[in-house]
Amino acid sequence: IKTKDEYKERYKEDPRLPSTPYRPYPDFPGFTAFLGKEKRADLYPTWQEASAAAIGLGIKTKDEYKERYKEDPRLPSTPYKTYSDFPDFPAFFGKNG
């Protein structure tokens, strides 16, 4: 199994595998690490840099981010999983309070 989608299709092949491994395992590292892959080195190294890039694209909400993050190949699909110190989406989009 090499991808999250493949895991969702095939986890039932082993009755001990949970359908959503992040639920029973609070320290679940994300599918990238779970499946033995390294994090992408080409992503912005900090959430602040990713934030600046997203703001530069004019992205203002979490939903808009989901639709548009691919406009910059260095933006991660899930910044809250990519950056351990990710604050929250309002702060990510420069909204303080």
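The values are calculated or read from the model by the stated rules, or taken from the named source; none is laboratory data. Treat the numbers as computed from the prediction; the structure is a model and nothing was measured. For neighbour counting, all protein chains shown are included, and Cβ atoms are generated from backbone atoms with ideal geometry for every residue, glycine included. Protein only, heavy atoms only, side chains kept; ligands, DNA and RNA dropped before computing areas. Shrake-Rupley method; radii C 1.70, N 1.55, O 1.52, S 1.80 Å.
Within segment 11-38, being closer than 15 Å to Thr82 by Cα, part of a loop (DSSP other than H, G, I, E, B) and small (Gly, Ala, Ser) holds for one residue alone: Gly30. All conditions in (1) free of Cβ contacts under 8 Å to residues at least 24 places away in the same chain; (2) farther than 18 Å from Lys70 by Cβ; (3) of a type outside the set (Phe, Trp, Tyr); (4) surrounded by 10 or more Cβ atoms within 10 Å (Cβ to Cβ) hold for Ile1, with the sole exception of (1). Report yes if Glu38 is under 27 Å from Glu6 (Cβ atoms), open to solvent by 60 Å² or more (accessible area, probe 1.4 Å), modelled with pLDDT under 90 and acidic (Asp, Glu), otherwise no. The answer is yes for Glu38.
Across segment 7-35, which residue is nearest to the chain's Cα centre (by Cα) among those that are under 30 Å from Glu71 (Cα atoms), modelled with pLDDT of 90 or more and open to solvent by 80 Å² or more (accessible area, probe 1.4 Å)? It comes out as Lys8.
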